[in-house]
Amino acid sequence: MFNVQSIRDEFPILSTLMNDKPLIYLDNAATSQKPLSVIQAVEDFYKTSNSNIHRGVFRLSEQATLQYEATRGLFAEFISAEKETEIVFVKGVTEAINLVSYGFAQSILKEGDEVLISEMEHHANIVPWQIACEQTGAVLKVIPVLDDGSLDLLAFESLLSEKTKLLSIVHISNSLGTINPIKSMIDKAHSIGVPVLVDGAQSAPHMEVDVRDLDCDFYVFSGHKLFAPTGVGVLYGKEKWLEKLPPYQSGGDMIEKVDFGGTTFKGIPGKFEAGTPNISGVIGLSKAIQYLQKLDRKEAMAHEDALLKQATEGLNEIDGLRLIGTAEAKASIVSFVFDAIHAHDVGTFLDAGGIAIRTGHHCTMPLLKRFNVPATARASFAFYNNLNDVDCLVESLKKMKSFFYE
């Protein structure tokens, strides 16, 4: 039995008040809340171990270094990577994709080549590739989205060609909740020698991920959506690809030797990790992963599916409300619009009742343009949400409709 209340007790912020009402937090696709174990791990680092890593010979620095480096194997295990050297620490998905796009622009892409993305991508998986294509003369190709919010897979197959040098695709849409058929897409891309980057920002928190089973070449995720601190994330890359890519940033700690006549760099993953890292963030992320590993992930996923089902049924009962994204395969995200109420007004009304949702374009402006809406209201659930949260959302939207329409 999945005990939601005992889990909620481990997240301090869920017991706070917002506008004198119990907080109902439904913005997990933007950032998730943190369990006490993560908060304490970050606090404990600064209280007992705070020191820079790798370069100090004193005990405190060695202690911090051991604590930091011990996490790399944990992250590899979390996504079933073959080697811990395939794990690169980054600030988050945005930096991870920029690192790969920079590397491709520097060493792989040339004029006439193609990069394939989809219409449902986050801006972080659009803009870096636009820049890479502008710099190299490559062409950005886009897989269209169908009316239900799923990918047009026939179009995908027609767009995939010998000119394609990379498929960079989101696993779960942050705006629609659509779960893309990543494994079959990777298989098709690999059948003609095309490498694949998977944006796992939304999938890593909500499902078990096995990068070797997927056989993706790159997989990226952010800590702050994974119940960990902000400013930390992971880039997984197959060894052969990380070896091919040049350093993204340069400076301290990613070098073997510096001389005015030239510099030699560390091997992977060190050559990608310039400067002092977010040490406490990495430690916090390791605690978040340890927390998740203690959960029954399958039960947690089933619980989130139940939340999605109840939310979808409840929202469909409200006249004048239209769901955006109704694909058969969905994660626990619902986006919706009202015929005569702007999404921002929806968010403001709900906030007065202590309900936190996201409103706007969700960094997916091309996707919302495809659905001919300027913004949506989005409720996104995590395993610590309960059915009462869903009921409060639906009832508050009904009250709001009466308030605006009468």
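The values are calculated or read from the model by the stated rules, or taken from the named source; none is laboratory data. On a predicted model such as this, the values are computed, not experimentally measured, just so you know. We place every Cβ from the backbone using ideal geometry, glycine too, and count neighbours over all the protein chains shown.
A compact table of results
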quantity: Enumeration of residues in the stretch 170-212 that are over 20 Å from L153 (Cβ atoms) and acidic (D, E); calculated: E208, D210
quantity: Selection status of V220, buried (at least 20 other Cβ atoms within 10 Å of the Cβ), in a helix (DSSP H, G or I), of a type in the set (V, I, T) and modelled with pLDDT of 95 or more; calculated: no
quantity: Flag if E43 is within 26 Å of R212 (Cβ to Cβ) and among the charged types (D, E, K, R); calculated: no
quantity: Options T312, T276, T326; residue that is under 30 Å from H54 (Cα atoms), surrounded by fewer than 19 Cβ atoms within 10 Å (Cβ to Cβ) and among the hydroxyl-bearing types (S, T, Y); calculated: T276
quantity: Single match in A70, A81, A76 (criterion: closer than 26 Å to K238 by Cβ, assigned by TED's automatic domain parsing to the domain that holds A228, aliphatic (A, V, I, L, M) and loosely packed, with under 14 Cβ neighbours inside 10 Å); calculated: A70
quantity: Answer from G193, G251 - the residue that is surrounded by fewer than 17 Cβ atoms within 10 Å (Cβ to Cβ), at pLDDT 95 or above, assigned to a loop (DSSP other than H, G, I, E, B) and at positive phi; calculated: G193
quantity: Helices (runs of 4 or more DSSP H) lying entirely in the stretch 39-144 (those with 1 or more residues that are in contact with a Leu (Cβ under 6 Å, 6 or more places away or on another chain)); calculated: 93-107, 127-136
quantity: Residues satisfying the stated conditions in the stretch 226-251, i.e. out of contact with any His (no Cβ under 6 Å at 6 or more places or on another chain), touching a residue at least 60 places away in the same chain (Cβ under 8 Å), farther than 22 Å from E77 by Cβ and of a type outside the set (A, V, I, L, M, F, W, C); calculated: G231, K244, P246, Y248
quantity: Count of residues meeting criterion [among the polar types (S, T, N, Q) and either within 17 Å of G267 (Cβ to Cβ) or not assigned by TED's automatic domain parsing to the domain that holds N174 (or both)] in the stretch 203-256; calculated: 2
quantity: D345 vs. criteria among the acidic types (D, E) and either closer than 21 Å to R370 by Cβ or assigned to a loop (DSSP other than H, G, I, E, B) (or both); calculated: no
quantity: Complete set of residues in the stretch 229-248 that are under 14 Å from I97 (Cα atoms) and either among the aliphatic types (A, V, I, L, M) or not in a loop (DSSP other than H, G, I, E, B) (or both); calculated: V232, G233, V234, L235, Y236, G237, W241, L242, L245
quantity: Checklist (1) under 18 Å from V198 (Cα atoms); (2) under 17 Å from the mean Cα position of the chain (by Cα) applied to G103, failing item; calculated: (2)
quantity: Residue that is farthest from S15 (Cα to Cα) [pool: residues in the stretch 345-384 that are polar (S, T, N, Q) and touching a helix residue (DSSP H, G or I) at 6+ places or on another chain (Cβ under 9 Å)]; calculated: T364
quantity: Candidate set: the stretch 348-392, residues that are assigned to a loop (DSSP other than H, G, I, E, B) and at positive phi; chosen: the one surrounded by the fewest Cβ atoms within 10 Å (Cβ to Cβ); calculated: N372
